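Engineer: Can you keep this structure in mind? I'll have questions shortly.
The values are calculated or read from the model by the stated rules, or taken from the named source; none is laboratory data. In this text, all values refer to a predicted model and were calculated from it rather than measured experimentally. Methodologically, a virtual Cβ is constructed for each residue, glycine included, from the backbone with ideal geometry; neighbour enumeration extends over all protein chains shown.
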Amino acid sequence: MKVGAAINRWFALVRAVFTKRALDAEFADELAHHLELQTEENIRLGMAPAEARRQAQLAIGGSEQLRELHRETRSLPWLEQSIQDVRYAVRMFRRERGFTVTALLILAVGIGLNTTVFSLVNTVLLRPLPFAEANRLVWITNADSPGANGALSAITSQIDTWEGLQATNHTLEQIEAYVPFSVKQTYRLTGGGGDPETIVSVDVSPGLFGLLGVKPVLGRLFLPEDAAKNAPNRTIITNELWRRRFGADSHIIGRSVQINGEPIEVVGVLPPADVFASVFFPAVRVDNYSPLPSDQYRTSGDAVFLIARTKPQVALTAVAADLKLAIARLKLQYPERLDSDRYEANVTTVHEWVTGSLKRPLLFLWVAAGLVLAIVGFNLGGLLLARGISRRKELALRCALGAARGRVVRQLLMEGLALVAAGSILGGLLAWGFIYFLSVHSSVEIPLLQTLRLDEAALGFTVLLCAATAVLCGAAPAWILTGGMDLQNSLNEAGRSSAGGRQRSLTRNTLVILEVALACVLAISAGLMLRSL
C-alpha cells in the first residue's frame, strides 16, 4: 500500500508540472474565496469594508508568496525549472540560427560516425556469430594461418581427410564441409518468367545448414541421399533469388528450374538473412546452394573447408590434440601422405577465423572515430564558450538580480544538453543512412556486413555518447563562465572587449591546442594504417 501511494503521489507531482495553468487558476479561485470569507467575517466584527479587506489580506499573507509555495508543494520544482530552461534554450537557438546549424552539423557528423563504427565493431567483433551454439563451432584447415584468404588450396582439405576425421575423432559431434571455389564459377538460370541471368552457386555438405542452425522458410534442407551418386539434381535457393526471380511464389517447392540447361528441383528456400554467405562469402551474392558430391571432388585435391561442432564441455586444446592423432592415423592409412606436412588439421574457433584479421583495423577505426568525437567536443566547447562570452553581461545581470550561480550553471548545461540531444537525433539518422548503405549497397569484403543494423546496443551507445558529449561540451564552458570568472565585473566591461581577458584567451588557446593535437594524432595514425594496409 505504501509503495502504491508513493507511486500515485509521484505521478500526481509529475502531472502537476504539465497542468500548471489549470492548477494556478484553481488555486487563485480558492484564494479569492478565502479572502472573501475573511473579509465578510471582518465586516461582521464591525470593520469598514476597505479595512476589512486589508486585514483579510494581511491575515492570509502575500498572494505571490502563497502561489509560489503552492507550486513547490504540488509539483517537482526541478522538473518545472528544467522545462523552463529547455524552452529558453530553444528560443535562444532559434534566434541564433547560424550557431545552431553549425553546432548541429558538427555533432551529427561526430555522433553519426561513432554510432556507425560501433555498430560495425559490435556486429563483427563483439556479438557471437549468428549460428546455433556458435561458441562450439570450430574451423579446421591444413595450414596454421587463421584468417588467410589468399591461397585457398593451401588451407583447404581433401574429401578423404574430411571423411577420415569424421570416422576417427573423439571430440567433435559433427564435421561438415563446403567448397569455397564454387563462387569462382557462374551458372545460367533460365525460366521463372524472366530473362536469363547469371547466378552464383555454392556446394555444401547436406548437414552444413543443420550444423549452423539455419532453418528454411519453405521446404527442407538437404538430406544425405541428395549428395549420393546419380541422385536427382536438387537445390536450395536464397530468399533474395526467390523474391527477385520467382515473385515469392509459395508453390516453388518441388518445381524444377533450368540451370545451365538442366532441370534442377527446388527443395528449400532460405530465410531472408543468408547468414552463411554473409559470414563466409562477404560481398558475394550467393543465389543458390547444391549438395556437395563427395565422389566428384575426391580426386580434386584440397577442395573443401571444414566446419565442426565440439562435444559439450570439450576445450579447443583437447580437440587439437585429438585431431593430431586422427591425422596420424590417416597418414598411416594413406602412405603417400606420410612425408607431406600439408595434410594437417589445425583447429581454431570459427569466430577467430572469421574476425581474426579484422580486429586491428576495426579497433583502430573505433579509436579514430573516438578521436573525431573528441575533436567535435572541443570544437563545440569552444563555440559554446565564445557564445557564452558574448552573453556575459546577460549572465552577470541575472546574478545581480538574485539568480543563484547554480541556477545559471544549470541553464547553461541545459542549453548544451538540448543542443547535444538534437545533434544526437540527427547523428542517429545519419548513422542509419550509413549503416543502410553499408549493408545493402556496399561491396566491402567484411563478414556479416549484410546483417549490419542499428540495434538496441547501437542506440544505447548513442545515448552514452550524447551524455558524454553534453558533459564535455557544456560543463567546462558553464563552469568557466560562471565559476571561473567574476561575473559582477562583466557589468563594468565594455562591449566585445570583454573577450580579451587573459583567462578567456588561455581557455580558447587550450581548446585549439587540444583540437590540433588530436587532429595530428589522427592524421598520422591514419597515414600509418593506410601504409600498413
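Engineer: Is it the case that S498 is at pLDDT 65 or above, of a type in the set (S, T, Y) and surrounded by 16 or more Cβ atoms within 10 Å (Cβ to Cβ)?
Structural biologist: Working: at pLDDT 65 or above: no; of a type in the set (S, T, Y): yes; surrounded by 16 or more Cβ atoms within 10 Å (Cβ to Cβ): yes.
No.
Engineer: If we only count strands (runs of 3 or more DSSP E) wholly inside segment 186-277, which ones have 2 or more residues that are within 39 Å of the chain's Cα centre (by Cα) and more than 27 Å from S439 (Cα to Cα)? Don't jump to the end; show me each part of the working.
Structural biologist: Details: elements: 186-190, 197-204, 234-237, 256-259, 262-269.
Hits in segment 186-277: 262-269.
Engineer: Can you tell me which residue among L211, L218 is farther than 29 Å from W162 by Cβ, surrounded by 14 or more Cβ atoms within 10 Å (Cβ to Cβ) and touching a residue at least 24 places away in the same chain (Cβ under 8 Å)?
Structural biologist: From the options L211, L218, the qualifying one is L218.
Engineer: Does segment 447-468 hold any residues that are part of a helix (DSSP H, G or I) and over 8 Å from the mean Cα position of the chain (by Cα), and which are they?
Structural biologist: Passing the criteria: L449, Q450, T451, V463, L464, L465, C466, A467, A468.
Quick grid of which residues meet (1) touching a Lys or Arg at 6+ places or on another chain (Cβ under 9 Å); (2) at pLDDT 85 or above:
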residue: K311; (1), (2): yes, yes
residue: V350; (1), (2): no, yes
residue: G377; (1), (2): no, no
residue: R387; (1), (2): no, no
residue: S390; (1), (2): yes, no
residue: V409; (1), (2): no, no
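Engineer: Run G433 past the list (1) of a type in the set (G, A, S); (2) over 11 Å from S119 (Cα atoms); (3) crowded, with 16+ Cβ neighbours inside 10 Å and report the number of the one that doesn't hold.
Structural biologist: Among (1) of a type in the set (G, A, S); (2) over 11 Å from S119 (Cα atoms); (3) crowded, with 16+ Cβ neighbours inside 10 Å, G433 violates only (3).
Matching residues to (1) of a type in the set (A, V, I, L, M); (2) more than 30 Å from T171 (Cα to Cα):
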site: H251; (1), (2): no, yes
site: V267; (1), (2): yes, yes
site: V304; (1), (2): yes, no
site: A326; (1), (2): yes, no
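Engineer: Looking only at segment 126-148, decide whether some residue is among the aliphatic types (A, V, I, L, M), in a helix (DSSP H, G or I), over 18 Å from L371 (Cα atoms) and modelled with pLDDT under 90.
Structural biologist: yes
Engineer: May I ask you to verify whether G416 is closer than 26 Å to L514 by Cβ and at pLDDT below 85?
Structural biologist: Spelling it out, G416 is indeed closer than 26 Å to L514 by Cβ and at pLDDT below 85.
Engineer: Please go through segment 245-258 and pick out each residue that is surrounded by 15 or more Cβ atoms within 10 Å (Cβ to Cβ) and more than 25 Å from P293 (Cβ to Cβ).
Structural biologist: Residues satisfying the conditions are F246, D249.
Engineer: Out of the residues in segment 167-177 that are part of a strand (DSSP E or B) and out of contact with any helix residue (DSSP H, G or I) (no Cβ under 6 Å at 6 or more places or on another chain), which is surrounded by the fewest Cβ atoms within 10 Å (Cβ to Cβ)? Quick ask: steps written out before the conclusion?
Structural biologist: Of segment 167-177, the ones part of a strand (DSSP E or B) are 172-177.
Retained after the next criterion (residues that are out of contact with any helix residue (DSSP H, G or I) (no Cβ under 6 Å at 6 or more places or on another chain)): 172-173.
Working: L172: 22, E173: 14.
Only one residue fits best here, namely E173.
Engineer: Restricting to segment 82-118, name every residue that is small (G, A, S) and under 30 Å from L438 (Cβ atoms).
Structural biologist: Within segment 82-118, the first condition is being small (G, A, S), and the residues that meet it are 82, 89, 98, 103, 108, 110, 112.
Passing the criteria: A103, A108, G110, G112.
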